[in-house]
1. What 222 nm value per residue comes from the helices of the chain, counting each DSSP H run with n ≥ 4 as -39,500 (n - 2.57) and dividing by all residues, nearest 500 deg cm²/dmol?
2. For the stretch 65-148, what does the relative contact order come out to in percent, with C-alpha contacts under 8 Å and a separation of six or more?
3. Leaving out ligands, DNA and RNA, and with a 1.4 Å probe, what % of the accessible surface on the stretch 17-148 is carbon or sulfur?
4. Rounded to the nearest 5, what % of the DSSP beta bridges within the chain are antiparallel ones?
5. Excluding the sites themselves, what is the longest stretch of the chain that contains no trypsin sites (Lys or Arg not before Pro) in a DSSP loop with at most 13 other C-beta atoms within 10 Å?
6. With the Cα gyration tensor of the stretch 28-92 in hand, give its eigenvalues times 5 under a square root as the equivalent ellipsoid semi-axes, listed largest first in whole angstrom.
7. Looking at the chain, I'd like the Rg to Rh ratio, where Rg is from alpha-carbon atoms and Rh is Kirkwood's inverse mean 1/r.
8. Compute a Gaussian network model of the chain, connecting alpha carbons closer than 10 Å, and tell me which residue from His40, His138, His118 fluctuates the most.
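The values are calculated or read from the model by the stated rules, or taken from the named source; none is laboratory data. Because the structure is predicted, anything quoted here is derived from the model rather than measured. Cβ atoms come from the backbone with ideal geometry, glycine included; neighbour counts cover every protein chain shown. Side chains are part of the model used for accessible areas, which takes the heavy atoms of the whole protein and leaves out ligands, DNA and RNA. Shrake-Rupley method; radii C 1.70, N 1.55, O 1.52, S 1.80 Å.
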Amino acid sequence: MLEALAVAHEATAADEVPVGCVVYDSSGKCVARAFDRRQHGADPLAHAEVLAIRQAASAQGDWRLDAMTLVVTLEPCPMCAGIILMARVGRVIFGATSPKWGAAGSRADWLTAGVFPHRPEVIGGVLAAECGQLLTDHFRNHRKGENL
């Protein structure tokens with residue numbers, strides 16, 4: 001999670017929403033890292049998880065990421081949870097919960113509810129205070145009143 005937090009800090013420096021994501025292979029080697037790029041790319045699909053999953057699949061040469069671990073600073077939204085399921089990511093570790101958009105237990109549980117054929121291992125709340133504070137600070141300083 002410390003690496004994902006470092007990536008989230010890169011997002012802050014780029015004036016993007018500070019969500020960082022890293023993907024590790026089964027040996028623990030980082031094969032992908034990304035942060036949200038929705039603001040400057042004007043791309044609603046440019047969530048950190050989407051970008052990192054694309055990188056990981058490309059690095060591996062296969063879309064099936066069942067031996068990979070995705071680490072992200074914020075609980076995945078429904079879109080990202082869907083991509084995690086479709087890419088067959090083996091393990092998901094997230095930091096802060098997302099009461100508005102969380103699809104790994106906060107608002108909905110797409111990843112472990114058993115309603116889809118793939119069910120990754122999910123570990124939430126890792127360094128949650130640090131991950132959440134980074135987001136709180138960002139929105140307080142840059143996006144007051146905007147409903148992102």
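1. Values: 5 runs with 53 residues, N = 148.
Taking each H run of at least 4 residues, the total per residue is -10500 deg cm²/dmol.
2. Details: 148 pairs, mean separation 24.3, N = 84.
Relative contact order, the stretch 65-148: 29 percent.
3. Values: 3560 of 6720 Å².
Of the solvent-accessible surface of the stretch 17-148, carbon and sulfur hold 53 percent.
4. Working: 10 of 18 bridges.
In the chain, DSSP labels about 55 percent of beta bridges as antiparallel.
5. Details: sites that count: Lys29, Lys100, Arg143, Lys144.
The longest such stretch corresponds to 30-99.
6. Numbers: eigenvalues 69, 32, 24 Å².
That gives 19, 13, 11 Å for the three semi-axes.
7. Values: Rg = 14.1 Å, Rh = 14.9 Å.
With Rh from the inverse mean 1/r over Cα pairs, Rg/Rh is 0.94.
8. His40
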